[in-house]
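Below: the structure, in structure tokens.
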Amino acid sequence: MLGVFLFYALVAAAVTWPLLRDARSLIASDIGDPILNTSILVWNATVTPLTAAWWNAPHFFPATGVVAFTENLLGLYPLASPLYWATGNPVLSYNLTLFLMWPLSGLAVYLLVRALTAWEAAAVVAGLAFAFSPMRAVALPHIQTMATFGVPLCLVALHGYLRDGRWPWLLLFGLAWVHQGFANGYYILYGGLIVGLWLLYFGSTSAARRALLPMVVTGVVASLPLVPMLLRYRALHVEAGARRSLEEIGYFSAGPQSWWEVGELSRLWHALLPAGKDNLFPGLAAVALLLVAVVAWRVRRTGSEGHAPGGWPPWTTGRVVLAGLPALSAAAVAWVLWQGPINTALGPVPLKLRQLDRALLLLGLSGGWLLWTTPAFRRALAERRPSLFYGVGIVLFGVLACGPVLRVHGQVVLDPAPYGWLMHLPGFDELRVPTQIKMIGLLCLSVTAGLALASCRPADPRRARMVAGLAAAVVVLDGWLLPVPMAHPQVLWPGVEPAGQTTPLLELPLGPDFDGGATLRAAIHRRRVMNGISGYDPPHYAALREGLAVHDPALLAAVATLGPMDVVVDGAADADGAIGRYVMAGSGVTRIGGDGVRTLYRLPQASAPPSLGPALPLADVRAVREPELARLMHDGDPETGWTDVSPKADGWIVLDLGAEQDVGGLTLSMGRAFFDFPRRLAIDTSLDGEAWASAWEGPGFAPTFLGFIRSPRNAELRFGFDGRPARYLRVRRLDRASPAWHVAEVQVHAPGAAPAAAR
């Protein structure tokens with residue numbers, strides 16, 4: 001086994017060159033997700049996992065529990081932490097951990113196929129197919145996706161226990177399951193799906209039933225260590241209002257074309273196939289092995305049993321008719337998947353097929369009956385042959401990767417798709433990227449390819465070695481990469497961010513192109529930073545990022561209300577000095593240091609905005625668009641509300657107090673619509689609804705930022721102005737930049753103790 005691991009490591013060193021050569025100073029792929037994952041591994045290695053301190057990683061100040069905003073990678077702790085302890089180099093420890101994903105993935109599938117076939121060479125080829133598929137290169141920036149070798153190890157253990165009933169297999173199953181659950185949260189569900197299907201398929205025979213209970217109990221017991229982590233994740237997500245929208249999940253779903261799209265790192269295929277959003281092309285080598293095995297099987301059967309391949313009944317007229325139904329259904333499904341809905345005519349007969357549900361139902365019923373009448377299929381099912389299980393898995397997980405709604409050329413052809421059924425189960429609606437299930441499909445493809453190669457093993461040992469060697473070479477060539485890109489990470493800035501201090505930091509520019517470095521630096525020097533990068537952003541982050549980008553003075557003042565803040569301006573990204581001037585224009589800001597490239601400023605604490613007076617009763621609310629939904633703005637339910645999706649800068653709502661009152665402020669609650677705030681708005685007052693006077697006008701970034709800081713689940717945007725008599729208030733959106741304007745609840749306030757001056 002060690003020899004096989006070393007063989008895979010040698011191949012990986014060549015395929016991923018120059019990863020190992022530059023591992024000490026450069027980071028594989030880019031400075032986005034790889035830097036985030038490096039910071040996670042450093043945090044795990046330096047803070048006791050699962051403690052209160054560990055959950056509160058130092059980025060995204062002042063948010064708490066930010067570890068739950070993304071994967072925690074604890075499953076990689078036994079690999080990455082010793083490397084960091086030994087080297088003290090976060091980039092080197094990350095690169096070496098990433099590199100190990102190739103040989104460990106290959107070894108896991110090698111062990112699985114070796115347990116299923118007597119030919120070790122076929123197991124070696126299957127491991128190569130899983131570790132070096134072109135599909136895997138697309139996951140290069142995401143070490144958590146690469147770290148899926150726990151799933152095949154679970155299946156190795158289950159096959160082993162089913163075969164001989166020895167308890168060490170149960171121990172391996174439990175350890176592999178715990179590792180995979182902590183390494184990648186997606187595969188608690190996706191891995192659990194294939195394990196559950198395995199138990200149903202292999203454990204449903206009378207001979208296997210005695211082994212079924214110990215395997216199920218082991219799975220349950222092994223899941224217990226994951227439960228506290230999952231409950232904590234859920235609690236923190238609820239507290240932060242973090243959830244995935246159906247549109248977001250749909251965007252990260254595959255389409256039929258995804259299987260012919262390839263990543264730009266594929267040396268062999270990138271010039272022949274298009275790159276796309278998903279790039280799920282698995283390579284042709286494993287597929288070719290399956291086709292060769294099918295042809296060889298039919299030839300052998302035909303030669304030994306006459307003209308009819310073994311296991312297939314004679315093709316009678318009735319059987320031809322029966323076979324025609326699934327053939328026509330399959331042709332219709334294939335046409336819709338590649339060309340879109342059918343809307344044509346055959347002479348006077350109209351032919352229309354917009355949704356695939358009926359065609360798939362007919363295909364399933366007629367095709368299932370055709371298979372059931374085939375003795376070869378019934379024997380394979382009765383004997384629970386692995387080739388049938390993993391072969392069906394290729395199709396099943398390929399379909400699931402298409403997400404909850406299947407679209408072709410932008411048109412819906414299946415709603416809900418099978419993945420949509422899974423979303424009714426707990427947890428599946430929290431997974432943003434259904435295409436992550438691709439690794440389970442690739443696992444099934446690789447195992448089936450190994451079994452197919454074993455079925456074609458020549459009797460002559462010399463020819464067998466030649467066949468295996470050729471297959472291995474073709475698989476490696478299929479997945480060979482162009483030189484792996486290596487990026488320059490800026491790890492520490494000790495001149496402007498010395499360790500040992502407690503004042504929080506804000507690094508400018510703030511945004512996705514810069515926040516990875518800030519996140520990694522925070523994990524090392526332990527100071528809280530407002531910057532951050534993760535799977536989820538905290539609710540206040542959109543307003544913070546956009547307000548700083550347009551140099552809104554009110555936003556910087558709002559940041560100062562959180563306490564004294566050190567602001568670091570990266571001169572390499574501030575060539576004209578505009579960011580530095582923006583910071584220095586803040587009230588009481590002083591320059592306190594620099595390192596020649598970056599400048600350090602101190603932002604003193606500012607007083608909190610004045611409080612608003614008590615809420616006044618509302619008689620009526622009107623809106624420019626969707627007027628029938630305006631009532632939802634004062635129904636007491638923050639989960640409902642009114643939304644203006646028009647791109648025009650003319651949205652308004654009018655609030656009627658029913659009688660003249662002294663007013664001094666307004667609160668607009670946003671619910672969980674983190675992005676749907678007005679970038680600029682105005683508030684007007686009126687006594688008669690005809691003549692209007694301006695009460696407040698300005699950017700919406702600061703009120704939105706503070707609103708989500710105060711209440712992440714239901715931001716209250718507070719606007720104070722000089723007290724005045726009014727019966728009506730009009731709120732106008734003045735910008736075109738807002739994707740939408742959402743108001744969950746609205747309140748008008750009496751004047752507070754110290755009303756703010758209008759801006």
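The values are calculated or read from the model by the stated rules, or taken from the named source; none is laboratory data. Everything numeric in this text was worked out from a predicted model, so none of it was measured. Here the Cβ positions follow ideal geometry from the backbone for every residue, glycine too, while neighbour counts run over all protein chains shown.
In segment 633-656, the condition of being farther than 28 Å from residue 248 by Cα and part of a helix (DSSP H, G or I) is met by at least one residue. For segment 1-53, taking the residues that are part of a loop (DSSP other than H, G, I, E, B) and among the polar types (S, T, N, Q), the one that is surrounded by the most Cβ atoms within 10 Å (Cβ to Cβ) is identified as 16. Whether any residue in segment 721-738 is free of Cβ contacts under 8 Å to residues at least 24 places away in the same chain and under 27 Å from residue 548 (Cβ atoms) is what I want to check. Looking through segment 721-738, none of the residues is free of Cβ contacts under 8 Å to residues at least 24 places away in the same chain and under 27 Å from residue 548 (Cβ atoms). Might you let me know whether segment 633-641 holds any residue that is touching a Lys or Arg at 6+ places or on another chain (Cβ under 9 Å) and at pLDDT 95 or above? Scanning segment 633-641 turns up no residue that is touching a Lys or Arg at 6+ places or on another chain (Cβ under 9 Å) and at pLDDT 95 or above.
Number of residues in segment 120-153 that are within 23 Å of the chain's Cα centre (by Cα) and closer than 10 Å to residue 108 by Cα: the value is 7.
Applying the condition of being modelled with pLDDT of 70 or more and part of a strand (DSSP E or B) to segment 313-349 and asking which residue is farthest from the chain's Cα centre (by Cα) yields 344. Of the residues making up segment 69-81, just one is hydrophobic (A, V, I, L, M, F, W, C), at pLDDT 95 or above and within 15 Å of residue 534 (Cβ to Cβ), namely 73. If a residue must be in a helix (DSSP H, G or I), among the polar types (S, T, N, Q) and in contact with a helix residue (DSSP H, G or I) (Cβ under 6 Å, 6 or more places away or on another chain), how many such residues does segment 88-138 contain? Counting residues in segment 88-138 that are in a helix (DSSP H, G or I), among the polar types (S, T, N, Q) and in contact with a helix residue (DSSP H, G or I) (Cβ under 6 Å, 6 or more places away or on another chain) gives 3.
Cβ-Cβ contacts under 7 Å between residues 6 or more apart (or on different chains), taken from a first residue in segment 51-67 that is in the same structural domain as residue 512 (by TED's automatic domain parsing) to a second residue that is assigned to a loop (DSSP other than H, G, I, E, B), are absent.
Check whether at least one residue in segment 612-627 is closer than 24 Å to residue 644 by Cβ and part of a helix (DSSP H, G or I), and report yes or no. Yes; the residues of segment 612-627 include at least one that is closer than 24 Å to residue 644 by Cβ and part of a helix (DSSP H, G or I).
With the checklist (1) surrounded by 21 or more Cβ atoms within 10 Å (Cβ to Cβ); (2) in contact with a helix residue (DSSP H, G or I) (Cβ under 9 Å, 6 or more places away or on another chain) in hand, flag the one item residue 698 doesn't pass. All conditions pass for residue 698, except number (1).
Considering 276, 219, 263, which residue is assigned to a helix (DSSP H, G or I) and surrounded by 13 or more Cβ atoms within 10 Å (Cβ to Cβ)?
219
When segment 529-559 is filtered for residues that are in contact with a strand residue (DSSP E or B) (Cβ under 8 Å, 6 or more places away or on another chain) and either of a type in the set (Ser, Thr, Tyr) or crowded, with 22+ Cβ neighbours inside 10 Å (or both), the ones remaining, listed by number, are 529, 530, 531, 547, 548, 552, 555, 556, 559.
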